[in-house]
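Chemist: Sharing a structure with you now.
The values are calculated or read from the model by the stated rules, or taken from the named source; none is laboratory data. Note that the structure is predicted; figures quoted are calculated from it, not measured. Quick reminder, even Gly has a Cβ in these numbers, built from the backbone with ideal geometry, and neighbours come from all protein chains shown. To get the accessible areas, we keep the full protein, side chains included, count just its heavy atoms, and leave off ligands, DNA and RNA. Shrake-Rupley method; radii C 1.70, N 1.55, O 1.52, S 1.80 Å.
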Amino acid sequence: MGTTTPVEDRRDRFAHVVASLVIITTFYTVTGAYLWAQGFFELPAAIVTSWTRFLINVLTGVVLALVLAVVPAYRARRLGGALPGIVLASAIAAGMRLGLFVLAHELPEAPGILSVETISGFAFCLGAACLGFAYASVRRGERFEARLAADAAYQRELALRTLETEEVRVRRSIAEGLHGSLQQRLVIATVQVDMFITEARRRDRSEEDIAPLVALRNDLEDIRENDVRATSRMLYPEGIEIGVVPAVRMLLRRLPTGIATRLHIGDRLRKLDDPGNSEVRPADRLLVVRIVEEAVTNGLRHGHATSFDVSIDLEGDATIIVDVANNGAAVDVHRATHGSGTRRLRERVELAGGTLVLGSDVEASRITSGEVDGTALHHAHLWARIPVTREKITGLGHLPSNE
Ligand SMILES: Nc1ncnc2c1ncn2[C@@H]1O[C@H](COP(=O)(O)OP(=O)(O)OP(=O)(O)O)[C@@H](O)[C@H]1O
Ligand SMILES: [Mg+2]
């Protein structure tokens, strides 16, 4: 079930010793009270309680605890393994108890009293030490369970991170393949068609004959420019290699000139996302770009916005905050549950331990009802919080060894 650190070993010993001491003291206190009650109600009894007897019993508990602290019974996984130590401790404590009873003349004149005290003293010690061991075992079990849970969380985080890294790698290689090889083949095909067209013209073919070739050439050019390059960009946004800020900047730059954009980058993020030497992992960069992309697309599609305010900053050491606001139609949060774009993004962000919220400066109904003048307000926001340096958050890499 894993190794035990010195601190945990001390805790186990403490649990066994203290639990045994508490239990045996309770045993003897209850017995003392019982004998006292017998005397109080003048019931016939062989054993008469006294302070000396009580103190010897407490001392028996202390001796049992001391021996248990020395013998490593608490380290055993099962009771069977702990039993030799427990029996030894019980025998020493019970033997001392009997000796002190004889010396202090605490044994009444009754037949068989020696056997009764010997057996009961040993049984009490044995019972207390076994119960103390059970308590220590339960504590140890809880500790191992907590460790297993932490280990499972660690493995999950590791798997997630590996998957993310792999996804970025695959996206990148496909994007490069599209942008490089496929685009080049299309360019070559276009050049060849161009050559056919030139040749056809040189041979005085009519424009009508050449028209299908020209259409094919334009199709090839359109596929190259709009399908291949755009898909490549979608898979692996431009600028993402350099950092998250350049990638967002390039994304906003692609918007038509009639759309106003303002990009605010906090100083702390600027420092972390040093161009070319960004400390933000590519998977997290991709996520931030996807969020801005979705917010802008939604703003244009659903809100018919003409102005966007994008703000990205770092909160604490480890959380990127993204806020994309626009001046389009207000978001009706109650109706905004149908689409899949933000839901898919939210799932991804939550998987990374973050949150994603769609909303507006004030509730949409208050603007539409005229209760609030919405002209100076942002009618739609997409807020996201993404933990970026997850090592620090989960203690990844600092988990105690479970071997
Ligand atoms: N910026 C916005 N302005 C106004 N309404 C919005 C805005 N963003 C989202 N919404 C509302 O929230 C709904 C859900 O958006 P979401 O992005 O999840 O899905 P979608 O855009 O409709 O579909 P998909 O993203 O899958 O193409 C939208 O249908 C729209 O009603
Ligand atoms: Mg959408």
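Chemist: Kindly indicate the residue of segment 152-168 that is farther than 18 Å from R285 by Cα and open to solvent by 70 Å² or more (accessible area, probe 1.4 Å) and also nearest to the chain's Cα centre (by Cα) among those meeting that condition.
Modeler: This residue is R156.
Chemist: Same structure, new question: When the residues of segment 24-55 are filtered to those that are open to solvent by less than 40 Å² (accessible area, probe 1.4 Å) and in a loop (DSSP other than H, G, I, E, B), which remaining residue is modelled with the lowest pLDDT? Give the derivation first.
Modeler: To start, the set of residues in segment 24-55 that are open to solvent by less than 40 Å² (accessible area, probe 1.4 Å) comprises 24, 28, 32, 35, 37-38, 47, 50, 53.
Restricting the remaining residues to those that are in a loop (DSSP other than H, G, I, E, B) gives 47, 50.
Numbers: I47: 71, S50: 84.
Of everything passing the filter in segment 24-55, I47 is modelled with the lowest pLDDT.
Chemist: Cβ-Cβ below 8 Å, separation at least six or inter-chain, first residue in segment 196-221 and in the same structural domain as R185 (by TED's automatic domain parsing), second open to solvent by 90 Å² or more (accessible area, probe 1.4 Å) and part of a loop (DSSP other than H, G, I, E, B): which pairs?
Modeler: Going by the 8 Å Cβ cut-off, there are no qualifying pairs.
Chemist: From T319, T261, which residue is among the hydroxyl-bearing types (S, T, Y) and open to solvent by 40 Å² or more (accessible area, probe 1.4 Å)?
Modeler: Values: T319 fails: open to solvent by 40 Å² or more (accessible area, probe 1.4 Å).
The match here is T261.
Chemist: Does D284 satisfy being more than 16 Å from ligand 2 (Cβ to nearest atom) and in contact with a Lys or Arg (Cβ under 7 Å, 6 or more places away or on another chain)?
Modeler: On the way: more than 16 Å from ligand 2 (Cβ to nearest atom): yes; in contact with a Lys or Arg (Cβ under 7 Å, 6 or more places away or on another chain): no.
Judged against the criteria, D284 is not a match.
Yes/no matrix, rows are residues, columns are (1) open to solvent by less than 80 Å² (accessible area, probe 1.4 Å); (2) at pLDDT 95 or above; (3) small (G, A, S):
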position	(1), (2), (3)
I188	no, no, no
R202	no, no, no
E207	no, no, no
I210	yes, no, no
E221	yes, no, no
R224	yes, no, no
D227	no, no, no
S232	yes, no, yes
L235	yes, no, no
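Chemist: Now a separate question. Please work out which residue is modelled with the highest pLDDT, limiting yourself to segment 344-386 and to residues that are away from ligand 2 (no atom under 16 Å from the Cβ) and assigned to a helix (DSSP H, G or I).
Modeler: Here the residue is E350.
Chemist: Give me the residue from segment 293-316 that is polar (S, T, N, Q) and within 15 Å of ligand 2 (Cβ to nearest atom) and, out of that set, least open to solvent (accessible area, probe 1.4 Å). Step through it out loud before you land on a result.
Modeler: The first filter runs over segment 293-316 and keeps only residues polar (S, T, N, Q), leaving 297-298, 306-307, 311.
If we keep only those that are within 15 Å of ligand 2 (Cβ to nearest atom) too, we end up with 297-298.
Details: T297: 64, N298: 32 Å².
Per the stated criteria, the residue is N298.
Chemist: Moving to a separate point now. Kindly list the number of the only condition in (1) under 25 Å from R161 (Cβ atoms); (2) at pLDDT below 90 that fails for G243.
Modeler: Condition (2) is where G243 drops out.
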